[in-house]
Amino acid sequence: MQISMVLAAHDPRALSHFYAALLGAQPSEGLANHHQILHLVGGMRLEIYRPSQHRPFPTAGRALSLCLKLPAHRTPLVELDHHVRNGLELGASVLEPARLEPFGAECWMNDPEGNAVLLLVPIDRSETRA
């Protein structure tokens, strides 16, 4: 059994390129010309597809969203700002401004098709040894 995430899109190819650039992944063709797959770290897959025209398009919401957890950093808000700027350049928009929390920094964004995405940079509490 393989577990993957699926994301409905009006333009799967364009949205897969957005996530590929944001995540540093390479999109590949899926089961049909309206299906793209991104192979992510740890064996997870993000599958982006265009639903059948004979069914209603799924509604977007934040009850279930993608969380893009980036590597921990000693200054998470500074690191997050870099990724937010990258997302904006790729066509995303900020839903809620970036903020620092006790666990790290987070920013809710909308991808180019309006799906909510949480960018998260945990705080690195490890001490470096000289």
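Quick one: how many residues across segment 11-58 are assigned to a strand (DSSP E or B) and out of contact with any Asp or Glu (no Cβ under 6 Å at 6 or more places or on another chain)? Don't jump to the end; show me each part of the working.
Taking segment 11-58 first, the residues assigned to a strand (DSSP E or B) are 27-29, 35-39, 45-49.
Restricting the remaining residues to those that are out of contact with any Asp or Glu (no Cβ under 6 Å at 6 or more places or on another chain) gives 27-29, 35-36, 38-39, 45-49.
Total meeting the criteria: 12.
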>> Being loosely packed, with under 13 Cβ neighbours inside 10 Å, within 30 Å of Ala105 (Cα to Cα) and out of contact with any strand residue (DSSP E or B) (no Cβ under 9 Å at 6 or more places or on another chain) is true for just one of Gly24, Gly61. Which residue is that?
In response: Gly24
> From the residues in segment 81-129 that are touching a helix residue (DSSP H, G or I) at 6+ places or on another chain (Cβ under 6 Å) and among the aliphatic types (A, V, I, L, M), which one is nearest to Pro71 (Cα to Cα)?
Replying inline: Val121
> Looking only at segment 114-130, which residues are open to solvent by 60 Å² or more (accessible area, probe 1.4 Å) and of a type outside the set (Val, Ile, Thr)?
Replying inline: Arg125, Ser126, Glu127, Arg129, Ala130
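Which one is least open to solvent (accessible area, probe 1.4 Å), of the residues in segment 64-95 that are without any contact (Cβ under 8 Å) to a residue 24 or more places away in the chain and part of a helix (DSSP H, G or I)? Let's see the steps before the verdict.
We begin by selecting, within segment 64-95, every residue without any contact (Cβ under 8 Å) to a residue 24 or more places away in the chain; these are 64, 75, 78, 81-82, 85, 88-89, 93-95.
With the extra rule that they be part of a helix (DSSP H, G or I), the set shrinks to 78, 81-82, 85, 88-89.
On the way: Val78: 99, Asp81: 62, His82: 95, Arg85: 131, Leu88: 81, Glu89: 153 Å².
In this case the residue turns out to be Asp81.
The values are calculated or read from the model by the stated rules, or taken from the named source; none is laboratory data. These figures come from a predicted structure and were not determined experimentally. Cβ sites come from the backbone with ideal geometry, for glycine too, and all protein chains shown count toward neighbours. Side chains included, ligands, DNA and RNA excluded: accessible areas come from the protein's heavy atoms. Shrake-Rupley method; radii C 1.70, N 1.55, O 1.52, S 1.80 Å.
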